[in-house]
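I have placed the structure first, in the form of structure tokens, so that the comments after it can refer back to it.
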Amino acid sequence: ALRWVGPGGEELERLRLDPDAFCAWSAPGNATGGLVYGHYGRPQDLAQLQARGVSARGHLMLLRLGRGSPAQKVAAAAGAGAVGVLLYPDPQDTAGPGGGP
């Protein structure tokens, strides 16, 4: 499960994760940290965050799928010090003809 936790440690929301989406190469354990949005997780996206004074160190990164492999995104996030990565398919990138999935 993914838990959103408030500043006082209280659980704000719990999202069930799809066990079929498990990545067999993930490190075992739990990752806890703030959330940093990193667009596609490309080097230029991470450089733009750094230029704005935003650090991924010790945080989870939320990254869109597309414009690079998931492995490249995770490696770049790890190189920036992120403790975990959440990848999501944005409908803008994955919609078929007519806007459907």
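VAL54 satisfies every condition listed in (1) assigned to a loop (DSSP other than H, G, I, E, B); (2) open to solvent by 90 Å² or more (accessible area, probe 1.4 Å); (3) touching a strand residue (DSSP E or B) at 6+ places or on another chain (Cβ under 9 Å) except (2). Could you list all residues from the stretch 24-51 that are out of contact with any strand residue (DSSP E or B) (no Cβ under 6 Å at 6 or more places or on another chain) and among the aromatic types (Phe, Trp, Tyr)? If the condition is that a residue be out of contact with any strand residue (DSSP E or B) (no Cβ under 6 Å at 6 or more places or on another chain) and among the aromatic types (Phe, Trp, Tyr), then TRP25 is the only one that fits.
Residues in the stretch 29-51 that are without any contact (Cβ under 8 Å) to a residue 12 or more places away in the chain, open to solvent by less than 90 Å² (accessible area, probe 1.4 Å) and part of a loop (DSSP other than H, G, I, E, B): 1 in all.
Residue pairs whose Cβ atoms lie under 9 Å apart, sitting 6 or more positions apart in sequence or on different chains, and linking a residue in the stretch 1-25 that is among the β-branched types (Val, Ile, Thr) to a partner that is at pLDDT 65 or above and open to solvent by 100 Å² or more (accessible area, probe 1.4 Å), are VAL5/LEU12; VAL5/THR32. When you scan the stretch 41-52, do you find a residue that is more than 27 Å from THR94 (Cα to Cα), touching a Leu at 6+ places or on another chain (Cβ under 9 Å) and of a type outside the set (A, V, I, L, M), even just one? The answer is no, given that none of the residues of the stretch 41-52 is more than 27 Å from THR94 (Cα to Cα), touching a Leu at 6+ places or on another chain (Cβ under 9 Å) and of a type outside the set (A, V, I, L, M). Considering LEU65, LEU86, the condition of being closer than 26 Å to GLY8 by Cβ, at pLDDT 85 or above and open to solvent by 30 Å² or more (accessible area, probe 1.4 Å) is satisfied by LEU86 alone.
Which members of the stretch 12-28 meet the condition of being at pLDDT below 75 and open to solvent by 80 Å² or more (accessible area, probe 1.4 Å)? If the condition is that a residue be at pLDDT below 75 and open to solvent by 80 Å² or more (accessible area, probe 1.4 Å), then LEU17, ASP18, PRO19, ASP20, PHE22, TRP25, ALA27, PRO28 are the ones that fit.
The values are calculated or read from the model by the stated rules, or taken from the named source; none is laboratory data. Treat the numbers as computed from the prediction; the structure is a model and nothing was measured. No Cβ is skipped: glycine too gets one built from the backbone with ideal geometry, and neighbour counts run over all protein chains shown. SASA here: full protein model, heavy atoms, side chains in, ligands and nucleic acids out. Shrake-Rupley method; radii C 1.70, N 1.55, O 1.52, S 1.80 Å.
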